[in-house]
Amino acid sequence: MSNDWFQFKQFLIRQDHTAMKVGTDGVLLGAWAVYGGVRRVLDIGTGTGLIALMTAQRAPHARIDAIELDQDAFLQAAENVARSPWSDRIRVIHDDFLSWSRNSGERYDLILCNPPYFKSSGRITDRSRQRARQDDTLPLNRLIRQSAGLLTATGTVYLIIPHSRFHEAVEITARADLNITRILKVKGTQSSQVKRVLVALEKKFSPVEENELVLHDVDQSRFSDAYRQLTMDFYLDTDVKGR
């Protein structure tokens with residue numbers, strides 16, 4: 001894989017002008033979400049446009065809004081969308097989600113976000129990278145609360161967060177009158193600790209479906225069969241290997 005681009009089965013991601021490149025987190029979230037019957041989708045902090053494009057591939061009748069605050073990332077996402085087969089169904093928006101969401105008037109069946117989920121440490125000096133990784137501009141509590149206000153009655157919010165912030169997310173979700181309906185705990189290898197957690201949040205209550213995913217085989221030389229199965233609609237075979 002070139003550092004400047006990443007080729008998927010049905011689309012190409014150019015990433016030479018963005019702080020955050022294509023990574024496992026974004027691919028996981030886009031592959032794990034359930035798209036059946038969705039018509040309106042919002043991708044918050046779209047970055048390169050990866051999740052918006054995965055959504056367009058999986059949900060052929062959906063119209064997708066992809067919002068991005070960073071100027072360079074917005075331009076890169078717009079370029080990637082324009083070059084894709086689904087440019088007529090994806091609108092890339094250059095704005096701050098927290099401000100935009102208060103006045104948008106939109107309602108979505110599906111909201112996805114691979115958020116800047118690390119608490120601010122001041123150690124990242126690159127401003128674009130800081131916005132992409134640290135939650136100064138998109139705190140988790142405001143992300144969940146304002147996403148809840150944009151959901152249809154049967155809609156779902158999908159997030160990927162560090163395991164260390166899972167219990168915080170549970171508390172925020174309850175205060176936002178949402179319920180966690182699905183959980184996927186992600187480990188690097190079978191013997192390692194849980195690293196990430198994917199959650200599905202809905203207004204309705206239902207029993208929680210909880211599963212675990214191991215990313216790599218024991219020697220970490222390749223992705224696990226479970227990860228390969230989950231992402232098989234997107235990766236080229238030559239791309240699916242440990243990194």
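General remarks:
- Taking the criterion of being in contact (Cβ under 8 Å) with a residue 12 or more places away in the chain, part of a loop (DSSP other than H, G, I, E, B) and more than 23 Å from residue 111 (Cβ to Cβ), the residues of the stretch 192-227 that qualify are 193, 215, 217, 218, 220, 221, 222.
- Condition check for residue 181: β-branched (Val, Ile, Thr), free of Cβ contacts under 8 Å to residues at least 60 places away in the same chain and assigned to a loop (DSSP other than H, G, I, E, B): no
- Residues (in contact with a strand residue (DSSP E or B) (Cβ under 6 Å, 6 or more places away or on another chain) and in a helix (DSSP H, G or I)) located in the stretch 20-49: 25, 29, 32
- Residue-level check: of (1) within 17 Å of the chain's Cα centre (by Cα); (2) closer than 19 Å to residue 24 by Cβ; (3) modelled with pLDDT under 95, residue 190 misses just (1).
- Taken over the stretch 15-26, the criterion of being touching a residue at least 24 places away in the same chain (Cβ under 8 Å) and either surrounded by 22 or more Cβ atoms within 10 Å (Cβ to Cβ) or not hydrophobic (A, V, I, L, M, F, W, C) (or both) is satisfied by 15, 16, 17, 18, 21, 24, 25, 26.
- Of all the residues in the stretch 2-14, those that are touching a residue at least 40 places away in the same chain (Cβ under 8 Å) and either buried (at least 16 other Cβ atoms within 10 Å of the Cβ) or assigned to a strand (DSSP E or B) (or both) number 7.
- Answer from 97, 74 - the residue that is crowded, with 24+ Cβ neighbours inside 10 Å and of a type in the set (Phe, Trp, Tyr): 97
- Tabulated pairs, the stretch 79-102, first in contact (Cβ under 8 Å) with a residue 12 or more places away in the chain, second surrounded by fewer than 17 Cβ atoms within 10 Å (Cβ to Cβ) and small (Gly, Ala, Ser), C-beta under 8 angstrom, 6+ apart or interchain: 81/87; 101/149
The values are calculated or read from the model by the stated rules, or taken from the named source; none is laboratory data. Keep in mind that what you see is a predicted model, and the values were worked out from it rather than measured. Please note: Cβ atoms are built from the backbone with ideal geometry, for glycine as well, and neighbour counts cover all protein chains shown.
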